[in-house]
């Protein structure tokens, strides 16, 4: 099942510098990662 993002919950997700998922193909080879959240904690960004 799919969870939810809520205060106090743990989550893993990325924040990318791309306006939409369809733009990802145009950024191959570029670092577009702005934030990495692992278990609710920011590990990159």
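The values are calculated or read from the model by the stated rules, or taken from the named source; none is laboratory data. Everything numeric here is computed off the predicted structure, so don't read it as measured data. All Cβ positions, glycine included, derive from the backbone under ideal geometry; neighbour counts span all protein chains shown.
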* the range 24-37 - residue that is out of contact with any strand residue (DSSP E or B) (no Cβ under 9 Å at 6 or more places or on another chain) and not in a helix (DSSP H, G or I) and, of those, nearest to residue 3 (Cα to Cα) -> 31
* Asked: Which of the following residues is at pLDDT 90 or above and either surrounded by 11 or more Cβ atoms within 10 Å (Cβ to Cβ) or in a loop (DSSP other than H, G, I, E, B) (or both): 18, 11?
  -> 18
